[in-house]
Amino acid sequence: MADFDVVVLGSGPGGQKAAIAAAKLGRRVAVIEKRHMIGGVCINTGTIPSKTLREAVLYLTGLNQRELYGASYRVKDEITVTDLGMRTQHVIGREIQVIRSQLARNHVTVLHGTGRFLDPHTIGVSGDDDGAEMKITADRIVIATGTSPARPDSVEFDDRTVIDSDAILRLERVPETLVVVGAGVIGIEYASMFAALGTKVTVVERRERMLEFCDLEIVEALKYHLRDLAVTFRFGENVAAVERRGSGALTVLESGKRIPADCVMYSAGRQGKTAELCLEAAGLAADRRGRIEVDDNYATAVPHIYAVGDVIGFPALAATSMEQGRVAAQHACGEPVEELAELTPIGIYTIPEISFVGKSEDELTREKVPFEVGVSRYRELARGQIIGDSYGMLKLLVSSEDRRLLGVHVFGTGATELVHIGQTVMGCGGTVDYLVNAVFNYPTLAESYKVAALDAMNKMRVVARLTAEM
Ligand SMILES: Cc1cc2nc3c(=O)[nH]c(=O)nc-3n(C[C@H](O)[C@H](O)[C@H](O)COP(=O)(O)OP(=O)(O)OC[C@H]3O[C@@H](n4cnc5c(N)ncnc54)[C@H](O)[C@@H]3O)c2cc1C
């Protein structure tokens, strides 16, 4: 008999949920994780620290209160990395405790160390302290080892002036100037946080636009806000070299521009953490970005080995990783599984934040699906006035044929929470009529759904009337 029914490599959102789901089904489960990484990238260097840092930035700068109390309003004049780090460390500590106790309650064995395949059913675990390797066997194995920031070979990282998104959490002071290379989600989230702190940020992006998967109008609104916080965008530009200098680093662009800054943060994608796994011993291989291929049930080419979370690639989000972990464990334990829900929301914690679910205008146009747009602006809502958010907006995309909700796009305060109302209506196949007739608490931002729904209905009515009159 194997030592465990299920062994999970990695304790991030994917690994945790896989382990707990298998334990709930009565299986003997072990999780292998490096000593200081319980909770994975999510808790230690990714989602949780970055979102907590954002909250600390918003609170200490008083940015969200400035429409009401004036442009110079601040809770603290000199914001230090200690002020910011305190909140982050507090939340990380609590979250680790929660995960440890969840694993313990469900009788999941936690083995500290680095795991690697010795054969398709045997894992070697090298202890973090003495390096000695222990062997364990398992009937089923789930790989949930996540990713780490990709570091281009041509760039010399020193974790002080030339850094990646892990090292940005360990800065010794808030930089006065910062270059962010890469305007993906992580790059632009950090760019907006440092801009809010008063850092002069330059974003360099090889593509002509950023966040291409988001609604264009909303991305334009975000760019406007970031420019207002003194962010400079260099789109369509490539970095030729980053030179470390005495007091910072010089970023040289292929176009000849030179950008001196205290710090340069590279946010140039992520690499699957498969190099240490000795996948070949299990009969598996990863692609050049370290990702592992899986089927609809998250099984790899070796049927008793599963892979979930960021290590399998898109969408590489905590929420989807959790669900993949749960589904993989169900399948591994021979339980019936349902496919992952089609409608997954995307949340981008820039300042202001963005969230959406369903299709964008561009996608619907490409797919030749006729639609109408209903818009609500926070400044026309009582709650928008109360909280001092005049720029927020919610946009509904409604089918002109059967009035079904096809997409919801939100920008501004509470966007990542509000989107779930639309997701629920869409998930239940609802039409815009539901939102027109529903009564919402007043004064709330949720009311924006009703306002946008009425707007869409009115536009559709006008189009129908004018068409009939032609
Ligand atoms: C800066 C940043 C911000 C983010 N913000 C968001 C957000 O707002 N919302 C969101 O949904 N997602 C966000 N993400 C993405 C999210 O963090 C990931 O999708 C999620 O953490 C992936 O979970 P996972 O289970 O794949 O593994 P991870 O969380 O990556 O954890 C993998 C774990 O496996 C361990 N491991 C690796 N190799 C081995 C080995 N050989 N042996 C033992 N253990 C091993 C690692 O130590 C690590 O702890 C963010 C990511 C970053 C970097």
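The values are calculated or read from the model by the stated rules, or taken from the named source; none is laboratory data. Keep in mind that what you see is a predicted model, and the values were worked out from it rather than measured. Cβ coordinates were reconstructed from backbone atoms using ideal geometry, including for glycine residues, and neighbour counts include every protein chain displayed. Accessible surface is based on the protein model in full, side chains and every heavy atom, while ligands, DNA and RNA are left aside. Shrake-Rupley method; radii C 1.70, N 1.55, O 1.52, S 1.80 Å.
Going toward the positive end of the dipole of segment 162-268, with +1 on Lys and Arg Cβ and -1 on Asp and Glu Cβ, which of T251, I186, G198 do you reach last? The Cα lying farthest towards the positive end belongs to T251. Expressed as a whole percent, the accessible area of segment 200-350 that falls on carbon and sulfur atoms is 47 (1.4 Å probe). Looking at the P(r) of segment 162-268, how many percent of alpha-carbon pairs lie beyond 18 Å? That tail contains 43 percent of the Cα-Cα pairs.
Using +1 on the beta carbon of Lys and Arg, -1 on that of Asp and Glu, and nothing else charged, what's the dipole of the chain about the Cα centre, debye to 20?
Working: 52 positive and 62 negative charges, 163 e Å.
The dipole magnitude comes to about 780 debye.
Taking every alpha-carbon pair under 8 Å whose residues sit at least 6 apart, segment 352-469 reaches a relative contact order of 31 percent.
Based on the alpha-carbon gyration tensor of segment 72-192, what equivalent-ellipsoid semi-axes (square roots of 5 times the eigenvalues) come out, in whole Å, largest first? Please report the intermediate quantities before stating the final value.
Working: eigenvalues 271, 91, 37 Å².
Whole-Å semi-axes of the equivalent ellipsoid: 37, 21, 14.
When both segment 316-362 and segment 167-223 are represented by their alpha-carbon centers, they are found 24 Å apart. Contact order for the chain, expressed relative to its length and based on alpha carbon pairs under 8 Å spaced 6+ residues apart, stands at 14 percent. Surface analysis of the chain yields an accessible area of 47 Å² per residue, using protein heavy atoms and a 1.4 Å probe.
Stokes-Einstein diffusion of the chain at 25 °C, 0.890 mPa s viscosity, Kirkwood radius from Cα pairs, rounded to a whole number: 101 µm²/s. A Förster distance of 41 Å, applied to the separation of the beta-carbon atoms of A301 and S400, puts the FRET efficiency at 0.35.
Shape annotation for segment 335-463: C-alpha extents along the principal axes are 46, 43, 28 Å, from largest to smallest.
Atom-type composition of the exposed protein surface of segment 84-190 places 49 percent of the accessible area on carbon and sulfur (1.4 angstrom probe).
When only Cα pairs below 8 angstrom with a gap of at least 6 residues are kept, segment 267-378 shows a relative contact order of 14 percent.
Cross-linked pairs K76/K359; K51/K257; K76/K200; K17/K450; K76/K273; K368/K395: Cα-Cα separations exceed 30 Å for K76/K359; K51/K257; K17/K450; K76/K273.
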